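Below: one structure, written as structure tokens.
The values are calculated or read from the model by the stated rules, or taken from the named source; none is laboratory data. Worth saying up front: this structure is predicted, and the values here are computed from it rather than measured. All Cβ positions, glycine included, derive from the backbone under ideal geometry; neighbour counts span all protein chains shown. The accessibility values were calculated without ligands, DNA or RNA, using every heavy atom of the protein model including side chains. Shrake-Rupley method; radii C 1.70, N 1.55, O 1.52, S 1.80 Å.
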2 protein chains.
Amino acid sequence: MKSLFNPRSVAIVGVSSNPEKIGATILLNLMKNGFSGKLYPVNPKYDEVYGLKCYKSVKEIPNVDVIVIAVPAESVVDVIKEGKDKAKYFIIISGGFGEAGNEKVTKELKEVGKNLKIVGPNCLGVYSSKSLFDTIFFPYSRLERPKKGKIAIISQSGGVGSVLLSLAARYNIGINSFVSYGNAYFLNENDFLEFFAKDKETKAIILYIEGTSDGKRFVKTLKKVAKKKPVIVLKAGKEGKAKEAAKTHTGNVAGDYLSYKAVFKKAGAIEVENFEEMFDVSKAFLNTELPRGKNIGIISNGGGLAVMASDEAVKLGLNIPDLSQKTKEFLRKEMPSYVTVANPLDVVADATVERYEKALKAFMEDENIDMVCVNILIQQPTINNSIIQKIASNIKKPTVVCVPGGNIEQEVRKAMLTSGIACYAYPENAIKSLHKLYEYAKLIGVAKR
Amino acid sequence: MKSLFNPRSVAIVGVSSNPEKIGATILLNLMKNGFSGKLYPVNPKYDEVYGLKCYKSVKEIPNVDVIVIAVPAESVVDVIKEGKDKAKYFIIISGGFGEAGNEKVTKELKEVGKNLKIVGPNCLGVYSSKSLFDTIFFPYSRLERPKKGKIAIISQSGGVGSVLLSLAARYNIGINSFVSYGNAYFLNENDFLEFFAKDKETKAIILYIEGTSDGKRFVKTLKKVAKKKPVIVLKAGKEGKAKEAAKTHTGNVAGDYLSYKAVFKKAGAIEVENFEEMFDVSKAFLNTELPRGKNIGIISNGGGLAVMASDEAVKLGLNIPDLSQKTKEFLRKEMPSYVTVANPLDVVADATVERYEKALKAFMEDENIDMVCVNILIQQPTINNSIIQKIASNIKKPTVVCVPGGNIEQEVRKAMLTSGIACYAYPENAIKSLHKLYEYAKLIGVAKR
């Protein structure tokens with residue numbers, strides 16, 4: 001699939017002279033934002049568009065890696081017929097097939113495309129942060145693209161997919177590749193899962209799915225892929241009316257949610273409940289190691305935060321062990337007398353960066369502790385940004401950091417993430433993410449207790 | 001308590017010449033950020049601090065509305081003794097009492113202060129967005145203050161309280177008054193609840209509590225107050241180690257969580273699980289009316305979002321009814337043929353602002369629907385910011401709006417909120433908030449079905 005995400009040449013069928021139309025937006029995105037492959041716009045009406053030669057039909061273009069199709073549903077079949085020997089991959093952006101009840105044109109498309117490698121129809125197609133190949137028909141001014149990174153996103157829904165990209169941009173999370181595959185008449189989630197499992201530039205996979213058309217293959221694929229790389233999955237269309245809505249959305253039956261849930265669990269996929277958890281968990285998988293057990297150590301300079309983190313840990317079945325004798329002795333010596341030496345450890349409101357460093361070192365060496373959650377009220381005048389490097393250089397166990405608060409704090413969270421620290425806005429989210437790491441570690445046999 | 005939140009004169013005991021110390025930070029915040037009351041710094045060491053006359057002891061100052069105390073724990077009792085007839089209210093910022101195991105000085109303080117109106121000790125004190133009276137010892141450069149608004153925040157924890165303020169600032173949520181009351185040896189959550197229940201400028205109350213020292217009064221007060229105004233409560237220190245942590249935090253026993261939960265439910269307080277939900281729910285209570293039943297209508301221009309919103313609604317027990325015959329006929333006439341007329345209503349990717357307006361109007365008039373969730377992928381080129389005013393002017397039922405995505409979308413969410421629309425980043429959060437409105441409406445008898 002390298003040709004799909006990193007094509008050297010691309011034809012776009014259905015490029016209007018109106019720059020707000022879908023085909024034109026795709027072409028202009030590619031021209032303006034750094035894609036370096038060759039571009040072949042196709043539209044019988046023009047000889048030239050946006051300064052490029054325009055081709056009357058796909059029959060006229062040379063062979064290319066990808067043909068992107070953005071013409072009305074009733075013309076898609078003809079384009080495929082004419083171009084079927086011209087490209088390695090096809091992306092059909094156009095909707096108006098099974099999801100809209102148009103059975104005739106759907107049947108024809110399935111027939112003509114059956115031996116071809118086609119993404120869609122009814123999708124956004126692909127985005128690669130490396131090649132900047134990008135068939136998402138939203139201009140950059142309306143949809144921010146994320147920075148380069150190690151996550152691959154597979155989204156059945158185009159709308160949800162676009163939201164995921166702009167959220168990743170906002171939260172400074174790097175994306176490698178993205179695909180929105182829509183109705184999945186040809187290539188489907190399984191093909192993409194298999195590709196990203198092998199892809200060396202992908203460290204974790206995000207999957208948004210409403211329903212699969214090939215349940216058996218999905219179970220098998222997921223099982224295989226989830227063992228190689230974390231697959232973070234959000235299943236929508238769970239019950240009743242939501243299932244019906246999913247059907248009119250991409251034409252796939254959402255299926256029995258409990259069966260999906262069981263499949264995810266058995267396969268070792270990491271199920272999340274919503275967008276926020278999806279990225280929270282991704283951050284943990286990208287930035288920290290897997291824990292070897294369920295014993296968590298909690299450090300905080302605000303009692304309330306320690307309490308909230310502890311609540312969540314207890315709720316999820318993590319264990320908050322006593323500190324080892326050695327740690328206790330060390331901390332009693334190193335902490336001021338008014339610090340109660342315990343786990344959770346409240347290093348108290350006047351904690352300095354140095355005090356945090358000592359506490360962190362002690363927790364890293366304590367054999368009772370498998371993973372650590374560090375909470376920091378950076379509002380405290382005794383804390384400054386040097387704490388970021390101090391934490392980064394002392395992490396030796398799975399560790400998450402929580403820096404709660406608004407705009408000022410968000411800058412610190414970003415800086416933490418840039419330093420490779422999984423940093424969160426809310427203590428529950430930090431703990432939830434560690435818990436997902438633990439569950440996965442348990443499943444693949446890394447966690448022993 | 002008007003004198004506490006809107007004092008005309010304030011003494012600050014323990015003002016150092018080092019501007020980073022607690023007392024000095026409080027004085028400088030008041031001097032620099034618009035507080036217009038008289039200020040009396042107290043410190044035996046100086047004749048003048050920061051250009052103000054400095055008093056040797058509280059004995060020397062004239063009568064004031066509030067004395068703020070920021071001296072070491074062992075000196076607090078003496079300050080109270082000397083100043084007990086000098087002020088209507090006292091705020092003891094200093095920690096080092098019961099929470100640190102110092103029983104002797106705690107006992108003395110309780111004795112000398114027993115007939116006085118004292119906030120604390122071990123707290124941040126108060127903040128008023130109206131008077132700009134502010135005893136929070138973080139400079140504005142480290143802790144952003146929120147804009148003026150209709151919410152009162154009562155937080156047992158200072159750290160959590162400061163986080164709540166900076167979150168409100170980030171999410172553009174207006175705050176009226178704030179109090180962090182710490183160990184609560186004198187004034188406690190009940191006194192503040194009673195005050196804000198009567199306060200005309202407060203429309204909803206946020207309460208963060210770990211444990212109460214007077215359970216009976218708490219139950220009675222909450223019951224009374226929750227009927228007058230929504231009380232949104234977050235209880236931390238739920239189980240095991242988290243409960244222990246709460247005790248070393250403000251010295252209060254966190255108590256049996258299930259009892260608290262039962263009390264909240266019985267009293268009609270709205271319990272939330274975390275910071276995020278706290279503000280989500282507040283937004284709904286401030287910006288929309290209470291629903292008269294549990295029937296929800298869902299509109300979306302992205303199928304995936306409709307599916308996710310529906311999932312959450314079903315999960316929480318809301319009902320997604322069929323549209324009335326009249327609505328169906330209207331929509332079949334007004335929507336393009338490829339829009340499936342149903343609830344949830346997917347107005348499809350190419351929906352314009354006008355199409356949204358028609359759908360919204362139809363849902364507002366449909367008697368099967370009690371409340372509405374509008375989801376908008378504003379990335380779509382057919383949508384523009386005029387949708388904000390169109391929605392604002394057509395809302396006639398409890399309505400929440402979800403605009404999912406990153407930075408570009410956050411600006412739209414802010415603008416929605418400024419226009420009085422309860423707007424959310426995630427469909428689940430929007431639905432959860434509506435559900436809390438419904439629960440409250442049911443409890444106070446507004447919702448009949």
- Query: So what is the relative contact order of chain A, in percent, for Cα pairs below 8 Å that sit 6 or more residues apart?
  - Reply: 11 percent
- Message: So the label point sits 7 Å from Cα along the Cα-to-Cβ vector; using that for B:Glu367, what distances do you get to the other copies, in nanometres, sorted shortest first?
- Response: 7.5
- Check: the stretch B:295-449 dipole with +1 on Lys, Arg Cβ and -1 on Asp, Glu Cβ, in debye: 380 debye
- Item | Closest approach to the axis - chain B beta-carbon, rotation onto A, Å | B:Glu276, 4
- Take each of the peptides A:385-391, A:44-50, A:358-364, average the number of other beta-carbon atoms within 10 Å over its residues, and list them starting from the highest. A:358-364, A:385-391, A:44-50
- Query: Say we join alpha carbon atoms closer than 10 Å with springs in a Gaussian network model of chain B; which of B:Pro427, B:Pro291, B:Pro381 then has the biggest fluctuation?
  - Reply: B:Pro381
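Using the crude model of +1 on Lys and Arg Cβ and -1 on Asp and Glu Cβ, and no other charge, please compute the dipole size for the protein assembly as shown relative to its Cα centre, in debye to 20.
560 debye
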- Task: Using a Gaussian network model of chain A whose springs link C-alpha atoms within less than 10 Å, name the residue from A:Thr135, A:Thr340, A:Thr221 with the highest mean-square fluctuation.
- Result: A:Thr340
- Query: To one decimal in nm, how far is B:Lys2 from the same spot in the other copies, if labels go 7 Å from Cα toward Cβ? Please give the shortest first.
  - Reply: 7.7
- Pop out the Kirkwood hydrodynamic radius of the stretch B:109-202 from its pairwise C-alpha distances, inverse of mean 1/r, in Å to one decimal. 13.5 Å
- Step through the table entries B:Lys224/B:Lys326; B:Lys45/B:Lys88; B:Lys130/B:Lys414; A:Lys397/B:Lys436, compare each Cα-Cα distance with 31 Å, and write down the pairs that go over it. B:Lys224/B:Lys326; A:Lys397/B:Lys436
- Note on the structure: Non-local residues with an amide H under 5 Å from the amide H of B:Val119, with H modelled 1.01 Å from N and Pro and chain starts lacking one, are B:Phe90, B:Ile91, B:Ile92
- Query: Taking the label point 7 Å from Cα in the Cβ direction, how far apart in nm is A:Ser393 from each other copy of itself, listed shortest first?
  - Reply: 6.1
- Global geometry of the stretch B:79-124, whether rounded, prolate or oblate, following the gyration tensor of its Cα atoms and the 1.5 cut on a/c: oblate
- Using the Karplus curve 6.51 cos²θ - 1.76 cosθ + 1.60 with θ = phi - 60°, work out ³J(HN,Hα) for each residue of the stretch A:229-235 in order, rounded to whole Hz, and write x for Gly and Pro. 9, x, 10, 9, 10, 10, 9
- Out of residues 5 or more away from A:Val71 or on other chains, whose amide H comes under 5 Å of its own, with H placed 1.01 Å from N in the peptide plane? A:Ser94
- Item | Positive-end extreme of charge dipole, chain A - chosen from A:Ser94, A:Tyr257, A:Val446 (charges on Cβ) | A:Val446
- Query: Which pairs, out of A:Lys361/A:Lys396; A:Lys294/A:Lys328; A:Lys216/A:Lys265; A:Lys238/B:Lys265; B:Lys294/B:Lys442; A:Lys228/A:Lys261, put more than 18 Å between their alpha-carbon atoms?
  - Reply: A:Lys294/A:Lys328; A:Lys238/B:Lys265; A:Lys228/A:Lys261
- For A:Leu377, the residues 5 or more places away or on another chain with a placed amide H closer than 5 Å to its own amide H are A:Asn301, A:Gly302
- Integer Hz, Karplus 6.51/-1.76/1.60 couplings in order for the stretch A:384-393, x for Gly and Pro: 9, 5, 4, 5, 4, 5, 4, 5, 3, 7
- Query: Counting other Cβ atoms within 10 Å of each Cβ, which GluC sites (Glu not before Pro) in the stretch A:286-391 have at most 11 and sit in a DSSP loop?
  - Reply: A:Glu367
- Reported to the nearest 10 Å², A:Tyr140 has, with a 1.4 Å probe, an accessible area equal to 70 Å²
- Accessible area, probe 1.4 Å, largest first, for residues A:Glu273, B:Glu210: A:Glu273, B:Glu210
- Query: Taking the Cα centre of each part, how many Å lie between the stretch A:353-368 and the stretch B:257-305?
  - Reply: 40 Å
- Item | Those trypsin sites (Lys or Arg not before Pro) in the stretch B:146-247 that DSSP places in a loop and that have at most 10 other beta carbons within 10 Å | B:Lys200
- Task: With θ set to phi - 60°, apply the Karplus curve 6.51 cos²θ - 1.76 cosθ + 1.60 along the stretch A:94-105 and write out the HN-Hα couplings as whole Hz, x wherever there is a Gly or Pro.
- Result: 3, x, x, 10, x, 5, 9, x, 8, 6, 4, 5
- Query: Once you charge only the Cβ atoms, +1 for Lys and Arg and -1 for Asp and Glu, what is the size of the charge dipole of the stretch A:321-393 about its Cα centre, to the nearest 20 debye?
  - Reply: 180 debye
- Message: With both bridge residues required to lie in the stretch B:70-219, what share of the DSSP beta bridges run antiparallel, to the nearest 5%?
- Response: 30 percent
- Where both partners of a DSSP beta bridge lie in chain B, what percent of those bridges are antiparallel, to the nearest 5? 10 percent
- Query: Setting aside same-chain residues fewer than 8 positions from A:Lys150, which aspartates and glutamates have a Cα under 14 Å from its Cα?
  - Reply: A:Asp199, A:Glu201
- With a ≥ b ≥ c from the Cα gyration tensor eigenvalues, square-rooted, and the rule rounded for a/c under 1.5, otherwise prolate when a/b > b/c and oblate otherwise, the stretch A:387-439 is oblate
- Roughly how many Å is it from the Cα centre of the stretch B:429-449 to that of the stretch A:166-208, as a whole number? 38 Å
- Query: Taking the Cα atoms only, what angle lies between the long axis of helix A:189-198 and the longest principal axis of chain A, rounded to 10 degrees?
  - Reply: 60 degrees
- Isotropic mean projected area of the C-alpha convex hull, the stretch B:1-154 (nm²): 8.8 nm²
- Note on the structure: Taking every DSSP bridge whose two residues both lie in the protein assembly as shown, the antiparallel percent to the nearest 5 is 10 percent
- Message: Can you return the aspartates and glutamates within cross-link range of A:Lys110? Criterion is Cα-Cα under 19 Å, with same-chain partners fewer than 8 residues away left out.
- Response: A:Glu74, A:Asp78, A:Glu82, A:Asp85, A:Glu99, A:Glu189, A:Asp191, A:Asp214
- Item | Scaled radius of gyration (Cα, divided by 2.2 N^0.38 Å) that the protein assembly as shown gives | 1.01
- Message: Restricting to Cα pairs below 8 Å that are 6+ residues apart, what does the relative contact order work out to for the stretch A:1-132? Please round to a whole percent.
- Response: 26 percent
- Query: For chain A, modelled as a Gaussian network with Cα springs under 10 Å, which listed residue fluctuates most, A:Tyr127, A:Tyr257, A:Tyr338?
  - Reply: A:Tyr338
